[in-house]
Every structure is written in C-alpha cells, then in structure tokens.
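The values are calculated or read from the model by the stated rules, or taken from the named source; none is laboratory data. In this text, all values refer to a predicted model and were calculated from it rather than measured experimentally. Backbone-built Cβ (ideal geometry, glycine too); neighbour counts: all protein chains shown.
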C-alpha cells in the first residue's frame, strides 16, 4: 500500500511548470480507483500513518511542513483539511485562513502576513488560501491592487512576474531553513461547482456556506483558470511543487492530499530523538526512585 500512496502522490505533482496546461487536467479523474469505498479504506490507512509521522516530526523538532491550499469556491478545501488531518495532534498543527487584508496588513508588504504564520520546527502549518491570492484574485480584480498603497512607479506591467519571483524567493528561503512546502490546487469543474452551490441553497444546513459574492466570482472563471495556469507555470519547483488535484469527487481529493502529505513526511526520515548514555542514566535513576516511592 505504501507504493500505491507514493504513486498517487507523484501522479499529480508539478515541479516544472514550463509546459503545464490546466486544460489537460481532468477535475473528475479518480485514477485507478473505481469506488468510494476502496478509496476510503486507503484514506483511513493514510490518516493513521500521518498521525505516527506527525508525532515523530514534533519530537524531532528539526523540520516543519507547510501545506498550502488554493481553489475556487466550493472545491472542498475545508473538508479536505478536516478529513486528512483528523488524526493529527492539534498541538502540532495550526490552520490559518487568509481573508481580505486588514488595514494593518495593507501597511506591510503582501508577503508579511503569511510569512509570520510560517510553522515552527516540528509542526505542520496549513494555509487555507495564502500569498498566492496576490497573483490570483488580485490579478483578476485589478481594483484590489489599486487599494494596496503601492507607490505608483512600482505598479508596472512587470508586477505579476515580479510577484512570482518574490514568492519563489520566499519559498526557497523557507525550504533552505527546514520548512518543507507542498502546494495544492483543488481543481473543480464549473459543473461540479454549480452542483455544490445548488446544494448550499437547497439544503438548510448548508445555507450558511453560500455567499452572493461566490456567484460573482464564478463569472470570472476563465480569468481565474488563466491566472492559476500561469501561477503554477512560474512557481512550481522541485523544493516547493504544486499538486493539481482532481476535486470533482471529494473522496478522491482527500486521498490524493493524504498521500502527498504521508509521502512527504516519509521522505524526511523522521525518528524519535535518541537518548544518550547520560540521559539513560538519568532515566534509570528516575525509575529506581519511583519504584522506591510509596
């Protein structure tokens, strides 16, 4: 099963975006899996493996792992995070959701608010949306860029290329300092998004999930797909790859993400810290003291 997890992770990995074409990625793909039940059994195994690996990551306290999730509305980011990380110790994991920037955040560079939320050593950090919004939603809606207080002379035709360079530099810096980065684009089709939006409208328990702005963003679908494609082309690297994950079937999306996380942590050769001779003597003394105690 371990080989299957690794194969599944590799299937959707993008490390060199030069020839990447989003149209070639099928949102409804389920690989070799023919049933939800088959995938759920494998997901349960992956969640168990993840729990054990996360414990070693926390104990070793050398590496950290950053998982970035980007997607169109209703692609399943929240539910994927919930299911994949269900077995992880909350002490060693933190989810940060990035909304519209505050006035304080707008008085700093656009990477600032994300950079200060990078995970500590030994921990898993999850970004539900991220600095990639600055080359996605801001690119689709240039009026947002106009509100970012940038000096006029810096807003040139090269701004998106410059932002790709800045993001790549930040990720390279983080990786060189022990933060492993994995980036997920949950690739949902417009047809499946429509189906999920209707469910949010028709099912009372899902009404709270719907916002009128979601429909407005849907009208920019082509612009967003073009922005995602160019973003992945410019920021997919060996050390911080993108995974373009089919998202029309949530059960498969969760399995792919779990496979990537497990495969990534396994690649770090994590181990519990070894106890040296001095510490072993201290442990033996402590044990003897406890046995003597009433």
Within region 121-157, track down each residue that is assigned to a loop (DSSP other than H, G, I, E, B), closer than 28 Å to residue 50 by Cα and out of contact with any strand residue (DSSP E or B) (no Cβ under 6 Å at 6 or more places or on another chain).
122, 129
Looking only at region 1-56, which residues are touching a strand residue (DSSP E or B) at 6+ places or on another chain (Cβ under 7 Å) and either loosely packed, with under 14 Cβ neighbours inside 10 Å or not in a loop (DSSP other than H, G, I, E, B) (or both)?
13, 14, 26, 54
Of the residues that make up region 270-279, is at least one surrounded by 10 or more Cβ atoms within 10 Å (Cβ to Cβ), free of Cβ contacts under 8 Å to residues at least 60 places away in the same chain and in a helix (DSSP H, G or I)?
yes
Could you tell me whether any residue of region 95-109 is modelled with pLDDT under 95, surrounded by 14 or more Cβ atoms within 10 Å (Cβ to Cβ) and on the phi > 0 side of the Ramachandran plot?
no
Just to be sure I understand, how many residues within region 68-110 are farther than 30 Å from residue 194 by Cβ and not in a helix (DSSP H, G or I)?
10
Test: residue in region 61-74 that is under 22 Å from residue 268 (Cβ atoms), out of contact with any helix residue (DSSP H, G or I) (no Cβ under 9 Å at 6 or more places or on another chain) and at pLDDT 95 or above:
yes
Does region 15-44 hold any residues that are within 20 Å of the chain's Cα centre (by Cα) and free of Cβ contacts under 8 Å to residues at least 60 places away in the same chain, and which are they?
44
Do any helices (runs of 4 or more DSSP H) lying entirely in region 159-268 carry at least 3 residues that are farther than 15 Å from residue 132 by Cβ, modelled with pLDDT of 95 or more and in contact with a strand residue (DSSP E or B) (Cβ under 7 Å, 6 or more places away or on another chain), and which ones are they?
250-266
